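For reference, the structure discussed in these notes is given below.
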Amino acid sequence: MRIVVLTGAGISAESGLRTFRAADGLWEDHRIEDVATPEAFARDPALVHRFYNARRSAAAQAKPNLAHHALADLAKRHDLTLVTQNVDDLHERGGSTNVIHMHGELASALCAACGHRWPSPAETDVKTPCPACSAAAARPDIVWFGEMPYHMERIWQAIERAEIFAAVGTSGQVYPAAGFGQHARRTGAHCVELNLDQSAVSRDFHEQLIGPATHIVPKWVAGLG
Ligand code: OAD
């Protein structure tokens with residue numbers, strides 16, 4: 001079967017990584033919207049580097065959980081396109097390959113001057129030089145609010161040919177990912193939402209599985225045969 005799975009911060013929650021919009025979702029009293037924008041980076045680049053250094057360190061210490069592993073198993077039996085909004089590498093460490101990171105990756109650095117990408121050091125700061133052009137213009141290779149998510153053409157195409165679309169652990173508050181369920185439904189996919197709770201877009205899905213990702217994702221995958 002052709003399946004597209006979209007994951008969000010909820011799939012990594014039981015690995016110990018905080019979600020964005022939970023009650024504890026603030027970082028040093030900043031909302032995500034206050035550090036994850038080009039304007040925030042222009043205003044206070046050191047703060048934005050520290051934010052992502054902290055997230056890179058937390059992600060490095062986290063381990064993939066049963067939900068990440070279950071999606072790696074799913075790819076062995078079906079034609080799976082795995083799209084994640086997450087910038088951690090827990091899908092890859094859980095055994096998935098060809099993961100589409102639509103919001104970028106902590107593992108990658110991007111030169112704001114020349115556009116060169118390279119594997120990010122554990123910590124970056126305002127002095128980190130670009131290996132290609134030497135400008136001290138490193139930024140995390142993360143898609144910020146107001147920037148275009150990566151790989152969109154490939155994602156829309158996969159959704160349009162999908163028989164099943166599933167969204168796992170995402171609040172449905174950030175577009176375009178929040179609109180994938182509606183688009184998948186219109187183009188003929190059976191749509192399933194797997195979440196601890198209702199999301200902002202639950203009505204777009206035919207079916208809802210409520211519970212922690214480590215329980216409901218392996219169960220759903222097993223049910224697909
Ligand atoms: P959110 O923090 O907005 O939502 C997390 C979702 O996971 C919520 O719907 C929770 O109910 C659910 N959840 C929490 N724990 C769970 C668990 N154990 N099992 C299953 N579900 C659980 O995170 P995202 O939807 O991923 O963008 O946020 C989308 C984007 O907003 C992020 O990629 C990030 C952020 O700003 C950028 O950084 C560009």
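Annotations for the structure displayed:
To keep it simple, each residue is scored yes or no on (1) part of a strand (DSSP E or B); (2) within 23 Å of Glu153 (Cα to Cα); (3) among the β-branched types (Val, Ile, Thr).
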position	(1), (2), (3)
Thr19	no, no, yes
Phe41	no, no, no
Arg56	no, no, no
Asn86	no, yes, no
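- The one condition from (1) within 10 Å of the ligand (Cβ to nearest atom); (2) open to solvent by 70 Å² or more (accessible area, probe 1.4 Å); (3) in contact (Cβ under 8 Å) with a residue 60 or more places away in the chain that Val174 does not meet is (2).
- Residues in the range 47-89 that are open to solvent by less than 30 Å² (accessible area, probe 1.4 Å) and without any contact (Cβ under 8 Å) to a residue 24 or more places away in the chain: Leu47 alone.
- Residue selected from the range 177-199 under the condition within 15 Å of the ligand (Cβ to nearest atom) and without any contact (Cβ under 8 Å) to a residue 24 or more places away in the chain, by the criterion farthest from Ile11 (Cα to Cα): Gly179
- Verdict on Ser12 being away from the ligand (no atom under 11 Å from the Cβ), open to solvent by less than 60 Å² (accessible area, probe 1.4 Å) and small (Gly, Ala, Ser): no
- Identity of the residue in the range 154-169, buried (at least 20 other Cβ atoms within 10 Å of the Cβ) and more than 11 Å from Thr81 (Cα to Cα), that ends up farthest from the ligand (Cβ to nearest atom): Ala167
- Members of the range 123-153 that are open to solvent by less than 70 Å² (accessible area, probe 1.4 Å), out of contact with any Ser or Thr (no Cβ under 7 Å at 6 or more places or on another chain) and among the acidic types (Asp, Glu): Glu147
- Index of the failed condition, Leu110 passing every other in (1) outside the structural domain of Val5 (by TED's automatic domain parsing); (2) open to solvent by 80 Å² or more (accessible area, probe 1.4 Å); (3) within 16 Å of the ligand (Cβ to nearest atom); (4) not β-branched (Val, Ile, Thr): (2)
- All strands (runs of 3 or more DSSP E) inside the range 102-195 with 1 or more residues being within 14 Å of Val5 (Cα to Cα) and within 16 Å of the chain's Cα centre (by Cα): 164-168, 190-195
- Thr7 buried (at least 18 other Cβ atoms within 10 Å of the Cβ), within 14 Å of the chain's Cα centre (by Cα), near the ligand (Cβ under 9 Å from one of its atoms) and polar (S, T, N, Q): yes
- Top-ranked residue in the range 200-225 [being in a strand (DSSP E or B) and not acidic (Asp, Glu); ranked as farthest from the ligand (Cβ to nearest atom)]: Gln208
- Out of Ala109, Ala166, sole residue that is farther than 19 Å from Val48 by Cβ and aliphatic (A, V, I, L, M): Ala166
The values are calculated or read from the model by the stated rules, or taken from the named source; none is laboratory data. Owing to the predicted nature of the structure, the values given are computational and were not obtained by experimental measurement. Here the Cβ is made from the backbone with ideal geometry for all residues, glycine too, and neighbour counts use every protein chain on show. When the accessible area is computed, the model is the full protein with side chains, heavy atoms only, and any ligands, DNA or RNA have been set aside. Shrake-Rupley method; radii C 1.70, N 1.55, O 1.52, S 1.80 Å.
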